[in-house]
Amino acid sequence: MTIATPGPSIELGVAHFSSIALPPKEFAVMAARAGFASIGLRLHPAFPGAPFYELPVGSQRVQEFKTVADSEGIKVFDIEFFVIDDNFVAASHEATVAAAANIGARRLSVCGDDRDGGRLATNLSEFCALAARYGMSVDIENMGWRTVRTFGDSVAVVNSCGAENAGALVDGIHFFRNGASIDEFRANLGKVKHVQLCDVRGPAPKTSDAMIAEARSGRLAPGEGELPLMELWTAAKHSAAISVEVPIAGPVDPQAHLKHLHDSALGILKPDH
């Protein structure tokens, strides 16, 4: 990853959800020109009807994407988003996993929504085994409206599944809004492989609908809210990848939005830049 970053040891990424209306090729260009070193892509829907894009192995579409990404000097870090629920079958996602590996992705992002904890751990383990065959790892992200609700839940599932390539994804909103602390983060640092920066202000929502609304349309750029992101970054910076995830709210130019996210994140990662 060769473009401008907050420092020589930091590669700042940006999640596709930050500008999900942009197809992968256009997102790669705008993210690179905003200063990001890597991107996440959404190649699987996060929920029924959610936007996503396909880059099938061997297709003209994927070749065009690779050409553009290479020319812009930007890499693909992770692929979203898989829900491990009671109907999840790891093998059914092999085409997407193969597509992810084909564009150089290193990690796959999931959430857990199965009340049968044993089955959830088994399915995560099987998905990790599939990912491992393609040289990738899997991160599980806690969300307040899912069965894996807290950061502690994520760590417990990672431990239960027993896969060496399983990790926890810490998202600023989901981490702090669901009761986790910096001390808890430090105690489980070896499990955290990816941290997503975003901010928020005001009291935490209490209902599932309110949590979903805040996660999808209530996020702020890093440093514009009340979350202790500097402390989170200080704890994470030697062990976890760092990216930004803040969806566009309202009629904002995508290029301007991505540039604002990049510059705001620098204020957290390297305040003296």
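The values are calculated or read from the model by the stated rules, or taken from the named source; none is laboratory data. Since we're looking at a predicted model, the values are computed, not measured. Here the Cβ is made from the backbone with ideal geometry for all residues, glycine too, and neighbour counts use every protein chain on show. Just the protein is used for accessible areas: all its heavy atoms, side chains included, with ligands, DNA and RNA removed. Shrake-Rupley method; radii C 1.70, N 1.55, O 1.52, S 1.80 Å.
Observations
- Under conditions of 10 °C and 1.306 mPa s, the stretch 137-265 yields 106 µm² s⁻¹ as its translational diffusion coefficient, taking Rh as the Kirkwood radius over Cα pairs in the Stokes-Einstein equation.
- Relative packing of peptides 88-98, 203-213, 71-81, 39-49 - highest average C-beta neighbours within 10 Å first: 71-81, 39-49, 88-98, 203-213
- Antiparallel bridges, percent of DSSP beta bridges restricted to the stretch 127-271 (to nearest 5): 10 percent
- For the chain, the Cα gyration tensor yields ellipsoid semi-axes of 25, 24, 18 Å (square root of five times each eigenvalue, largest first, whole Å).
- Peptides 183-195, 17-29 ranked from most to least packed by the mean count of surrounding Cβ atoms within 10 Å: 17-29, 183-195.
- Pairs over the 28 Å Cα-Cα cut-off, from the set LYS75/LYS193; LYS206/LYS237; LYS66/LYS191; LYS191/LYS259: LYS206/LYS237; LYS66/LYS191; LYS191/LYS259.
- Convex hull volume per residue for the stretch 57-127, taking Cα atoms only, in Å³: 80 Å³
- With all protein chains in place and ligands, DNA and RNA left out, the 1.4 Å accessible area ranks GLU164, GLU226, GLU11 as GLU164, GLU226, GLU11, largest first.
- Rounded percent of accessible protein surface that carbon and sulfur make up, the chain, 1.4 Å probe: 51 percent
- Summing Cβ point charges (Lys, Arg +1; Asp, Glu -1) relative to the Cα centre of the chain gives a dipole of roughly 260 debye.
- The residues of the chain present an accessible area of 41 Å² per residue when probed at 1.4 Å with all protein chains retained.
- Considering only beta bridges that DSSP places wholly inside the stretch 12-269, some 5 percent are antiparallel.
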